[in-house]
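Derivation of every value follows stated rules applied to the coordinates shown; laboratory data play no part. Remember, predicted model here, so these are calculated numbers, not experimental data. Note that we place each Cβ from the backbone using ideal geometry, even for glycine, and neighbour counts take in every protein chain shown.
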Amino acid sequence: MKGFDFLKFYRVKDWIKNLGIVLLGILVAKNLEIDILKGIIAFLLSSFLLAYAFSLNDYSDWLFGKERNYMSQLKTKKRNKLILIVFPLIISLFISLIFFAHEVMIIISFFLFVILYTFYSYPPRWKKNWKFSLFINAFCLGTLLLFIGYFSQSSNPNWWLFMFSFIYFSYLLSSEVLHQISHIRRDKKANIKSFPIIFGIKGSVQLIELIQFIVIVFSISGMIASQKLFPILLVTTIFSVFRIFRVKRIKTHKDANYLRNKMGGIYEGIFYLLILLLTFSRVYFSN
């Protein structure tokens, strides 16, 4: 296809940062005793799943919502676009069955991701209902990616897994509400009943504040209960307070669009990685 842009078609720039969650899952499963090959395969599996989900969403937004995106600009038949969309899905299926057939949680995570995101974008288009759209994005982009990283290394869940599952589900839930505020006009035209359309921008901001307040309570409780978790949960608390003050500024969809990439998620993840590396290195070298 003339002029085909691989990165734009699969929207790599939009999801590559989520691979950091996979890395966290790998790290908390095995400390520093990582199976590097399985870790790389977990990254590949996650990347192909994300490429499928994001390209299918663009295709469906163009086909059913008449959205002007890269799919609408690509001059080729619908069949060819579908083939390109399904290609990473097929590759991810082979990766799952060849390398992780014995890891039940990865297989479950794979099928949940595919089923939820397929029906999120394609009919019945669950993204049109806020109850489904908020949960699916937070669960798939947060919890399931963490699971894929973690269970590529270990079959036994630990407290780190549950803690980061909660942290990233909450973060992605807040991010999705913010994303929906920024798209409120576009969603109205596409007849999508997002949370901001039903409850308004003010109600959506209050939801983000409530989510972050719950995270703060969770983090403070964890810090009191366990000295080992204190550094991680201190970072979580600081960033949650930061987000509460950030979202208070939102009055219009333009404010939300401006803040979408300024909520500190990447920096928070970097702090987690550094703390984990320091913690595990100290334990590893002291043995």
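Run through the stretch 1-63 and list the trypsin sites (Lys or Arg not before Pro) located in a DSSP loop whose Cβ has at most 11 other Cβ atoms within 10 Å.
On the way: sites: K2, K8, R11, K13, K17, K30, K38; in loops: K2, R11.
The qualifying sites are K2.
Quick one: Cα centre-to-centre distance for the stretch 144-204 and the stretch 229-260, in angstrom?
14 Å
May I ask you to sort V247, V217 by Cβ crowding, counting other Cβ atoms within 10 Å and putting the fewest first? Each step should come with its number before you reach the end.
Values: V247 23, V217 12.
Placing the least packed residue first, the sequence is V217, V247.
Among T236, T143, what is the fewest-to-most ranking by other Cβ atoms within 10 Å? Write out the running numbers ahead of the final one.
Details: T236 28, T143 22.
With the fewest neighbours first, T236, T143 line up as T143, T236.
Give the calculated FRET efficiency between I108 and K262 to the nearest 0.05, with a Förster radius of 30 Å applied to their Cβ-Cβ distance.
On the way: r = 35 Å, r/R0 = 1.15.
Efficiency, rounded to the nearest 0.05: 0.30.
Report relative contact order for the stretch 158-287 in percent, whole number only (criteria: Cα-Cα under 8 Å, sequence separation at least 6).
27 percent
Which of the aspartates and glutamates could a cross-linker span from K17 if the Cα-Cα distance has to be under 19 Å and same-chain partners fewer than 8 positions apart are dropped?
D58, E176, E268
Starting from the Cα gyration tensor of the stretch 106-235, take the square roots of the eigenvalues, sort them a ≥ b ≥ c, and report rounded, prolate or oblate (rounded when a/c is under 1.5, otherwise prolate if a/b is larger than b/c, else oblate). The partial results should precede the final answer.
Working: a/c = 3.75, a/b = 1.35, b/c = 2.77.
It is oblate, given that a/c is not under 1.5 and a/b is not larger than b/c.
How would the stretch 1-155 be classified by its alpha-carbon gyration tensor: rounded, prolate or oblate, with rounded meaning a/c under 1.5 and the a/b versus b/c comparison settling the rest? If you can, show how the numbers build up before the last one.
On the way: a/c = 2.16, a/b = 1.68, b/c = 1.29.
Taking the square roots of the gyration eigenvalues as a ≥ b ≥ c, the stretch 1-155 is prolate.
If we count every other residue with Cβ under 10 angstrom of V247's Cβ, Lys/Arg +1 and Asp/Glu -1, where does the sum land? Please list the in-between numbers first.
Values: positive: R243, R246, K248, R249; negative: E209, D255.
Residues close to V247 contribute a combined charge of +2.
Which label belongs to the value computed from this structure, given these candidates for semi-axes √(5λ) of the Cα gyration tensor in Å: (i) 31, 26, 15; (ii) 28, 23, 20; (iii) 32, 23, 16?
Label (i) holds the value from this structure.
T237: net charge of surrounding residues, Cβ under 13 Å, Lys/Arg +1, Asp/Glu -1, itself excluded?
0
I need W15, W130 ordered by Cβ neighbour count within 10 Å, fewest first.
Ascending number of Cβ neighbours within 10 Å: W15, W130.
Please compute the contact order of the chain in relative form: average sequence separation of alpha-carbon pairs under 8 Å and at least six residues apart, divided by the residue count, as a percent.
Values: 343 pairs, mean separation 59.0, N = 287.
Across the chain, relative contact order equals 21 percent.
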